[in-house]
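Engineer: What follows is a structure written as structure tokens; I'll ask about it next.
The values are calculated or read from the model by the stated rules, or taken from the named source; none is laboratory data. As the structure is a computational prediction, the values presented were derived from the model and not from experiment. Cβ sites come from the backbone with ideal geometry, for glycine too, and all protein chains shown count toward neighbours.
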Amino acid sequence: MNKGSKLAMGIAAISLLLVGCGKATSSTSSKGSSEALSGKVTAVGSTALQPLAAKAGSNFTAKNSKVNLTVQGGGSGTGLSQVQAGAVSIGDSDIFAEEKAGIKADKLTDHKVAVVGMAPVVNKDAGIKNLKMAQVKQIFTGKITNWKEVGGKDQKIVIINRAQGSGTRATFENAVLKGATAVKSQEQDSNGAVQKIVSTTPGAISYLAFSYFTNKLQAVSIDNVTPTDNNVQTNKWKIWSYEHMYTKGKPTGATAAFLKFMNSKDVQNSLVKDMGYISIHDMKVTKDAKGVVTQN
Amino acid sequence: MLKQYSFEKTAVQTFDDKTSLAIKTEDLQVFYGQNHAMFDANLAFPKNQITALIGASGSGKSTYLRSLNRMNDGIATVTGKIWYHGVNINEPGVNIYEIRRHIGMVFQRPNPFAKSIRENIVYALRANGLKKKAELEERVEQSLKGAALWDEVKDNLDKSALSLSGGQQQRLCIARSIAMAPDVLLLDEPCSALDPISTVKVEETLLELQKKYSIIIVTHNMQQASRISSQCAFFHLGHVMEYVPTGTMFSNPQIPVTQDYIAGSFG
Amino acid sequence: MNAKRTDLLATILIDLIVASVVGILFFLLAYILTAGLPHVSWSFLTGATDAFSGAGGIGVQLFNSFYLLVLTMLISVPISLGAGIYLAEYAKDNWRTSLIRSAIEVLSSLPSVVVGLFGFLLFVVKFKIGFSVISGAIALTFFNLPLLTRNIEESLSAVSRSQREAGLSLGLSKWKTEIGIILPVALPGIVTGIVLSAGRVFGEAAALIYTAGQSAPVTNFADWNPMDAASPLNPLRPAETLAVHIWKVNTEGLASNAAALSAAASAVLIIAVLLFNLGARLLGTYLYRRVTASK
Amino acid sequence: MEQTNFQLKKQDAQSDEWEAQLHHATKATREDWIGRGISYFCIGIIILVVASMLWFITSKGIATFTQNHVSLWKFLSGTNWAPDQGQTGALPMILGSFAVTFAAAIVATPFAVGTAIFMTEISPNKGRKFLQPVIELLVGIPSVVYGFIGLAVIVPFMRHLVGGSGFGIISATFVLFVMVLPTITSMTVDSLRAVPRFYKEASLALGATRWQTVSRVILRSATSGILTAIIFGMARAFGEALAVQMVIGNAAIMPKNLISPASTLTSQLTTGIGDTIDGTLPNNALWSLALILLLMSLVFNALVRIIAKRGQLKHER
């Protein structure tokens, strides 16, 4: 009966684990902050924000060893729906919750933790360094199909778009296409893949966050504005977005402490910049969910 | 051309002294699905004797034998009664595992477990709750002696049973059965896969064993039946045709079908 | 054209085909190993991954892969053993059994991405467990069950009927016969199957992306209490495996040496799978000898 | 039939004891109950998993049609896939999946059958010792590694050969070809081995050459087995996700040719599912793609059964 009892034990162990799981995730901290913080914080969502959140998270837990903080990817959509469902404490997103159908934004509290600038990138062989905003739009809507039409080499344009629903794409389309529909083309779901493909495919164009620029590809200026952090801070460069951390209602306990930590000088002035983001403190403008920009 | 024999004309002996019987069947019928394999077998087997079941292939003798300890469960449908110590063991409520402990069986092909010689014998004993080491060792020795195998293997009890010769394996299977202390031993053509020397050894073993056990053996070897059995039953196409003392069967068969079979002019 | 010449041509053609198939395998192995092995070092095998660029070592991923494998096997082997015994011993030949068999077939033919998404739906969305080792292990179990069950059933059924009769005729129960007599004889085949399936599980990625997750938080390898959040044994932490890591480095990786990194990780993965294959053979032969010959 | 009607019942004093002993439940009967319980429980788990998988994916997958009121026909025949804008034409992905699947099967079959013939008819010895491990190793290589090699070798190669980005159906075909080759080969080997020896001997005895024997006798009688092998290979190709996703380029447009980016059901699924919100149309539409995958695997399953049945009938005749 050896085998049988082993089996039974295995099954019992699994069901225990399952029960344990259910409990563990649903409990978020509610402890006050004056004493040693403890509790469980789970941040899920945007793969773009994941590295920053993970790094900040490990710095945070280094100081607050009782806090159990996990950061997971899964995509902005997963993050928003999970936080809305109350399954996680923080939902990481590249876009405003208002922009995502199926999310009740008024139930969520937005915490902007960084700013990301994005720019069109082209393969170096195309011979393009600057484009007009209208030209970028025409390229991505399929009106312009050869680089010579915009002053480059006689080469077919290969558009590499981002996956539908991705935050990067939403930002880019809001800023550039302004409601027009992009031509159907190859779609990649990650910055890394785009970076690789644009740098190796002749005639390729796509768009990337600033931190993904390499010397193997050409970042394009628009209307002679160069894609730099300074230009983003003043909104001279129009294609940028926030990285959001959403909580359901007001954050408490360890979650609140972590969000506060994210917004602290420590993180904003070192970590955020080290990782190629723009500090939220440096922004001279504010953008709302509808894309309206106001001077601070 | 197969001759047609009447199934009406049979010669089946009965026994008056009921206490001397080990097992007895009444109207035993076996069906494989739609196929009617055994018709109304009424046989009684005396204690401490060897009874041989003979007949051509497909005559139903093995089917009949396997029904006696319910080995046909789940394979065939068996109806009728099997009396054993005053209990009809062909009933749903009967504990078939108990029955098989009391009515042991040895098969046509030697089928020792892929374990050591000792383990072959003690495995089932241990499963039945016999845990004392000394007692198990005692049983191993007794049963191997009973099966006339002890002298050949006593120094190698931890060797794999599969390393034994065919004849030794078959005697190991017999030893394994008698280690359970059954009172009836069923043997289904136990020598058909063995060479003549091994066969003789097994036969000698059986002759010795009948002092303690009631033995029913299926064989297609008529010399074997005449050498070792006291009673002999002849099966034909699922019918028991003749059941008489072995001497009678071979010197003076009662009905034509048996006469032809014994004379070898059958079919 | 006469028959002799056609015969010769056909033979040559087939030889060419075989040569190219062998060539493909050697190219694959040679490519992965030459591209990857130079980058494999002790620090690569044990080091931590840089969360941002994906650069750095694969220590955590390697551990995750093994941990997930062990958990998966702990769950799936007993279940498929029971199910295999059911099919080999208890199942009658009727419509219900054939329904069960087709259910198992369906499960085995489901694309692993569908299995993974089901796991995502069930554990991450419905049960709210989140991306975790346990979600991944159960998803892998779904994916592993049909193959193991079939392997176990086949191995059990391949054991001679006479062994079963021997056990039953001694008054052993069916279960005892199956566990004590048949299983040891079938063990070499079963173990081979388990080790081979371990290789498959080890290399599986699609079923894990949305169940075990794509992040490998650095864990505290000094803490072996499964209940602690930082413990590597905690079944609730997200666990990127080696195979998922390769996929991620290739699609998402930012490290300047992404190609070298994924080549190195692929080389490690391939070597692990090769070892599983080899292990399956050796272990199978060894057990077979052990079970059949003298001890 | 002479037979006195007597019973052994109550003959000896111990009869009652026997009665009790033979009806008494023992350890063995209890074991049997427990064993039966365990094995039924295990098979029950598997049935439960399959049933719930079918149920969940189906109920998620049909939400596109029942909750978002997309017409099934439009879903299957529409060519515009932009679920964010309410456009859910899944035809490009369906075609993409079928295109790579068939292309891979067409390329792989001659190689697989050739290798199988070599292993069974030409050099069984080398086949067993050398090719068998080769095939097993090919099976063992994880799909992400195939994807990695596709990305690192095949895509650049195609880019140089035919231009464009190198991503596309043809690259996916190449990757899948290598992935399904071992599946088809090993199953073909099994079916060739199952051809009775005397078929071959009879043919050779009649003076046929080896190739005539192989092509007219052996391949013919193994047809249904080979077909089954091909379908298993296709099922694998159809469901493969990551390797394909890494090399096909993921463009949800109608595949125009073999060298432009396309997408498959699986590649859209892995790309998109994380960016969508549970319960919304973009999410439901992706689950509908998963449902198509599920249904196709059922179809492949059914095809295998039909072929097996046909094959059996043929042999019985």
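Engineer: Those residues that are surrounded by fewer than 23 Cβ atoms within 10 Å (Cβ to Cβ) and out of contact with any Asp or Glu (no Cβ under 6 Å at 6 or more places or on another chain), I need them from the stretch A:133-146; list them, please.
Structural biologist: Let us first name the residues in the stretch A:133-146 that are surrounded by fewer than 23 Cβ atoms within 10 Å (Cβ to Cβ), namely A:133-135, A:137-138, A:141-146.
Answer for the stretch A:133-146, where residues must be surrounded by fewer than 23 Cβ atoms within 10 Å (Cβ to Cβ) and out of contact with any Asp or Glu (no Cβ under 6 Å at 6 or more places or on another chain): A:134, A:135, A:137, A:138, A:141, A:142, A:143, A:144, A:145, A:146.
Engineer: Sticking with this structure for a sec: Being within 17 Å of the chain's Cα centre (by Cα) and more than 9 Å from chain C (Cβ to nearest Cβ) narrows it down to one residue among D:105, D:112; which is it? Don't jump to the end; show me each part of the working.
Structural biologist: Working: D:112 fails: more than 9 Å from chain C (Cβ to nearest Cβ).
Sole residue among the options that is within 17 Å of the chain's Cα centre (by Cα) and more than 9 Å from chain C (Cβ to nearest Cβ): D:105.
Engineer: On the basis of being at pLDDT 85 or above, within 27 Å of residue D:243 (Cβ to Cβ) and not charged (D, E, K, R), does residue D:188 make the cut? If you could, list the steps in order and put the result at the bottom.
Structural biologist: Numbers: at pLDDT 85 or above: yes; within 27 Å of residue D:243 (Cβ to Cβ): yes; not charged (D, E, K, R): yes.
Taking the combined requirement at face value, the residue satisfies it.
Engineer: Next up: Restricting to the stretch A:186-202, what's the tally of residues that are more than 21 Å from residue A:45 (Cβ to Cβ) and crowded, with 23+ Cβ neighbours inside 10 Å?
Structural biologist: Step one: filter the stretch A:186-202 for residues more than 21 Å from residue A:45 (Cβ to Cβ), giving A:186, A:195-202.
Next cut, crowded, with 23+ Cβ neighbours inside 10 Å only: A:186, A:195-198, A:201.
Count: 6.
Engineer: How many residues are under 23 Å from residue A:145 (Cα atoms), more than 10 Å from chain A (Cβ to nearest Cβ) and of a type in the set (Ser, Thr, Tyr) if we restrict to the stretch D:149-182?
Structural biologist: 0
Engineer: Which members of the stretch C:139-171 meet the condition of being of a type in the set (A, V, I, L, M) and either facing another protein chain (nearest Cβ under 7 Å) or touching a Cys at 6+ places or on another chain (Cβ under 8 Å) (or both)? Walk me through how you get there before you give the answer.
Structural biologist: Step one: list which residues in the stretch C:139-171 are of a type in the set (A, V, I, L, M), which gives C:139-140, C:145, C:147-148, C:152, C:156, C:158-159, C:166, C:168, C:170.
C:145, C:166, C:168, C:170 - these are the residues of the stretch C:139-171 that are of a type in the set (A, V, I, L, M) and either facing another protein chain (nearest Cβ under 7 Å) or touching a Cys at 6+ places or on another chain (Cβ under 8 Å) (or both).
Engineer: Any residue at all in the stretch D:157-170 that is among the small types (Gly, Ala, Ser), surrounded by fewer than 24 Cβ atoms within 10 Å (Cβ to Cβ) and over 21 Å from the mean Cα position of the chain (by Cα)?
Structural biologist: Residues of the stretch D:157-170 among the small types (Gly, Ala, Ser): D:163-166, D:168.
When the remaining residues are screened for being surrounded by fewer than 24 Cβ atoms within 10 Å (Cβ to Cβ), the result is D:163-164.
Restricting the remaining residues to those that are over 21 Å from the mean Cα position of the chain (by Cα) gives D:163-164.
Checked against the condition, which is being among the small types (Gly, Ala, Ser), surrounded by fewer than 24 Cβ atoms within 10 Å (Cβ to Cβ) and over 21 Å from the mean Cα position of the chain (by Cα), the stretch D:157-170 yields at least one hit.
Engineer: Would you say residue B:182 is assigned to a loop (DSSP other than H, G, I, E, B), over 22 Å from residue B:114 (Cα atoms) and within 13 Å of another protein chain (Cβ to nearest Cβ)? Before you say what the answer is, go through the steps one by one.
Structural biologist: Values: assigned to a loop (DSSP other than H, G, I, E, B): yes; over 22 Å from residue B:114 (Cα atoms): yes; within 13 Å of another protein chain (Cβ to nearest Cβ): yes.
It is true that residue B:182 is assigned to a loop (DSSP other than H, G, I, E, B), over 22 Å from residue B:114 (Cα atoms) and within 13 Å of another protein chain (Cβ to nearest Cβ).
Engineer: Sticking with this structure for a sec: Of all residues in the stretch A:118-132, which are within 24 Å of residue A:287 (Cβ to Cβ) and crowded, with 23+ Cβ neighbours inside 10 Å? Break it down into steps so the answer makes sense when it comes.
Structural biologist: At the first step, the residues of the stretch A:118-132 found to be within 24 Å of residue A:287 (Cβ to Cβ) are A:118-121, A:131-132.
Result: A:118, A:119, A:120, A:121, A:131.
Engineer: Quick check on my filter: what residues within the stretch A:54-84 are closer than 17 Å to residue C:126 by Cα and in a strand (DSSP E or B)? Steps first, answer last, please.
Structural biologist: Going through the stretch A:54-84, the residues closer than 17 Å to residue C:126 by Cα turn out to be A:74, A:77-84.
Passing the criteria: only A:74.
Engineer: Here is a further query. Could you list, in sequence order, all residues of the stretch D:236-269 that are surrounded by 24 or more Cβ atoms within 10 Å (Cβ to Cβ) and assigned to a loop (DSSP other than H, G, I, E, B)?
Structural biologist: Selection gives D:240, D:241, D:250, D:252, D:261, D:263, D:264.
Engineer: Restricting to the stretch C:71-83, count the residues that are touching a residue at least 24 places away in the same chain (Cβ under 8 Å) and over 18 Å from the mean Cα position of the chain (by Cα).
Structural biologist: 1
Engineer: Tell me which residues, restricted to the stretch A:212-228, are of a type in the set (D, E, K, R) and modelled with pLDDT of 90 or more. Please lay out each step first, then the result.
Structural biologist: Step one: of the stretch A:212-228, the residues of a type in the set (D, E, K, R) are A:216, A:223.
Across the stretch A:212-228, the qualifying residue is only A:223.
Engineer: Being among the charged types (D, E, K, R) and under 30 Å from residue D:159 (Cβ atoms), is that true of even one residue in the stretch D:298-307? Even if it seems obvious, please write down each step before you answer.
Structural biologist: Here is the first cut: in the stretch D:298-307, the ones among the charged types (D, E, K, R) are D:305.
From what's left, under 30 Å from residue D:159 (Cβ atoms): none.
No: zero hits.
Conditions (1) modelled with pLDDT under 90; (2) surrounded by 17 or more Cβ atoms within 10 Å (Cβ to Cβ); (3) closer than 30 Å to residue D:40 by Cβ, marked per residue:
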residue: C:23; (1), (2), (3): no, no, no
residue: C:32; (1), (2), (3): yes, yes, no
residue: C:39; (1), (2), (3): yes, yes, no
residue: C:47; (1), (2), (3): yes, no, no
residue: C:51; (1), (2), (3): yes, yes, no
residue: C:60; (1), (2), (3): yes, yes, no
residue: C:72; (1), (2), (3): no, yes, yes
residue: C:77; (1), (2), (3): no, yes, yes
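Engineer: Looking at residue D:305, is it of a type outside the set (A, V, I, L, M), surrounded by fewer than 20 Cβ atoms within 10 Å (Cβ to Cβ), modelled with pLDDT of 85 or more and part of a helix (DSSP H, G or I)? Let's see the steps before the verdict.
Structural biologist: Values: of a type outside the set (A, V, I, L, M): yes; surrounded by fewer than 20 Cβ atoms within 10 Å (Cβ to Cβ): yes; modelled with pLDDT of 85 or more: yes; part of a helix (DSSP H, G or I): yes.
In short, yes.
Engineer: Can you list residue pairs whose Cβ atoms sit under 7 Å apart, with the first residue in the stretch B:23-38 being of a type in the set (Phe, Trp, Tyr) and the second being in a strand (DSSP E or B)? Count only pairs 6 or more apart in sequence or on different chains.
Structural biologist: Once the first residue is of a type in the set (Phe, Trp, Tyr) and sits in the stretch B:23-38, its partners that are in a strand (DSSP E or B) give B:31/B:37; B:31/B:77.
Engineer: Exactly one of (1) more than 10 Å from chain D (Cβ to nearest Cβ); (2) out of contact with any strand residue (DSSP E or B) (no Cβ under 7 Å at 6 or more places or on another chain) is unmet by residue C:216. Its number?
Structural biologist: Among (1) more than 10 Å from chain D (Cβ to nearest Cβ); (2) out of contact with any strand residue (DSSP E or B) (no Cβ under 7 Å at 6 or more places or on another chain), the lone unmet condition for residue C:216 is (2).
Engineer: (1) among the charged types (D, E, K, R); (2) assigned by TED's automatic domain parsing to the domain that holds residue A:267; (3) under 18 Å from residue D:164 (Cβ atoms): which one isn't true of residue A:124, the others all being true?
Structural biologist: Of the numbered conditions (1) among the charged types (D, E, K, R); (2) assigned by TED's automatic domain parsing to the domain that holds residue A:267; (3) under 18 Å from residue D:164 (Cβ atoms), the odd one out for residue A:124 is (2).
Engineer: Could you name every one of the helices (runs of 4 or more DSSP H) located completely within the stretch D:18-134 that has at least 2 residues being exposed (fewer than 14 other Cβ atoms within 10 Å of the Cβ), in the same structural domain as residue D:169 (by TED's automatic domain parsing) and at pLDDT 90 or above? Please lay out each step first, then the result.
Structural biologist: On the way: elements: D:27-61, D:63-66, D:72-77, D:91-117.
Hits in the stretch D:18-134: D:91-117.
Engineer: Quick check on the stretch C:99-122. Is at least one of its residues more than 22 Å from residue C:147 (Cβ to Cβ) and facing chain D (nearest Cβ under 9 Å)?
Structural biologist: Restricting attention to the stretch C:99-122, the residues satisfying the condition of being more than 22 Å from residue C:147 (Cβ to Cβ) are C:121.
Pick out the ones that are also facing chain D (nearest Cβ under 9 Å) and you get C:121.
The answer is yes; a qualifying residue exists.
Engineer: Mind listing just one residue for me: the one in the stretch A:44-55 that is in contact with a strand residue (DSSP E or B) (Cβ under 8 Å, 6 or more places away or on another chain) and facing chain C (nearest Cβ under 10 Å) and, of those, surrounded by the most Cβ atoms within 10 Å (Cβ to Cβ)? Lay out the reasoning, then the answer.
Structural biologist: Let us first name the residues in the stretch A:44-55 that are in contact with a strand residue (DSSP E or B) (Cβ under 8 Å, 6 or more places away or on another chain), namely A:44-50, A:52-54.
Right, trim to facing chain C (nearest Cβ under 10 Å) and you get A:44, A:47-48, A:50, A:52-54.
Details: A:44: 31, A:47: 27, A:48: 28, A:50: 25, A:52: 27, A:53: 29, A:54: 23.
Only one residue tops the list, namely A:44.
Engineer: Let me ask you something else. Among the numbered criteria (1) in contact with a strand residue (DSSP E or B) (Cβ under 8 Å, 6 or more places away or on another chain); (2) over 25 Å from residue D:27 (Cβ atoms); (3) modelled with pLDDT of 90 or more, which one does residue B:160 miss?
Structural biologist: Going through (1) in contact with a strand residue (DSSP E or B) (Cβ under 8 Å, 6 or more places away or on another chain); (2) over 25 Å from residue D:27 (Cβ atoms); (3) modelled with pLDDT of 90 or more one by one, residue B:160 breaks only (3).
Engineer: Could you please let me know if residue C:203 is within 27 Å of residue C:276 (Cβ to Cβ), within 11 Å of chain D (Cβ to nearest Cβ) and touching a strand residue (DSSP E or B) at 6+ places or on another chain (Cβ under 7 Å)?
Structural biologist: Values: within 27 Å of residue C:276 (Cβ to Cβ): yes; within 11 Å of chain D (Cβ to nearest Cβ): yes; touching a strand residue (DSSP E or B) at 6+ places or on another chain (Cβ under 7 Å): no.
Against the criterion (within 27 Å of residue C:276 (Cβ to Cβ), within 11 Å of chain D (Cβ to nearest Cβ) and touching a strand residue (DSSP E or B) at 6+ places or on another chain (Cβ under 7 Å)), residue C:203 does not qualify.
Engineer: In addition: Say we look at the stretch B:11-37 and pick out the residues that are of a type in the set (A, V, I, L, M) and within 21 Å of residue B:69 (Cα to Cα); which of these is surrounded by the most Cβ atoms within 10 Å (Cβ to Cβ)?
Structural biologist: Just the residues of the stretch B:11-37 that are of a type in the set (A, V, I, L, M), to begin with: B:11-12, B:21-23, B:28, B:30, B:37.
Still in the running and within 21 Å of residue B:69 (Cα to Cα): B:21-23, B:28, B:30, B:37.
Numbers: B:21: 19, B:22: 23, B:23: 25, B:28: 23, B:30: 23, B:37: 22.
Among them, the one singled out is B:23.
Engineer: Give the number of residues within the stretch B:115-125 that are away from chain D (no Cβ under 14 Å) and either more than 24 Å from residue B:136 (Cα to Cα) or not in a loop (DSSP other than H, G, I, E, B) (or both).
Structural biologist: Of the stretch B:115-125, the ones away from chain D (no Cβ under 14 Å) are B:115-122.
Among the residues that remain, those that are also either more than 24 Å from residue B:136 (Cα to Cα) or not in a loop (DSSP other than H, G, I, E, B) (or both) are: B:116-122.
Counting residues in the stretch B:115-125 that are away from chain D (no Cβ under 14 Å) and either more than 24 Å from residue B:136 (Cα to Cα) or not in a loop (DSSP other than H, G, I, E, B) (or both) gives 7.
Engineer: Does residue A:175 meet the test of being hydrophobic (A, V, I, L, M, F, W, C) and either assigned by TED's automatic domain parsing to the domain that holds residue A:45 or assigned to a loop (DSSP other than H, G, I, E, B) (or both)? Before you say what the answer is, go through the steps one by one.
Structural biologist: Details: hydrophobic (A, V, I, L, M, F, W, C): yes; either assigned by TED's automatic domain parsing to the domain that holds residue A:45 or assigned to a loop (DSSP other than H, G, I, E, B) (or both): no.
Considered against the rule, which asks whether it is hydrophobic (A, V, I, L, M, F, W, C) and either assigned by TED's automatic domain parsing to the domain that holds residue A:45 or assigned to a loop (DSSP other than H, G, I, E, B) (or both), residue A:175 comes out as no.
Engineer: Here's something else I'd like to know. Among the residues of the stretch A:234-244 satisfying the criterion of being over 18 Å from the mean Cα position of the chain (by Cα) and touching a residue at least 12 places away in the same chain (Cβ under 8 Å), which is surrounded by the most Cβ atoms within 10 Å (Cβ to Cβ)? Write out each step before concluding.
Structural biologist: First, the residues of the stretch A:234-244 that are over 18 Å from the mean Cα position of the chain (by Cα): A:234-237.
Of the ones still in play, those that are also touching a residue at least 12 places away in the same chain (Cβ under 8 Å) are A:234-235, A:237.
Working: A:234: 11, A:235: 16, A:237: 23.
Within the stretch A:234-244, the match that is surrounded by the most Cβ atoms within 10 Å (Cβ to Cβ) is A:237.
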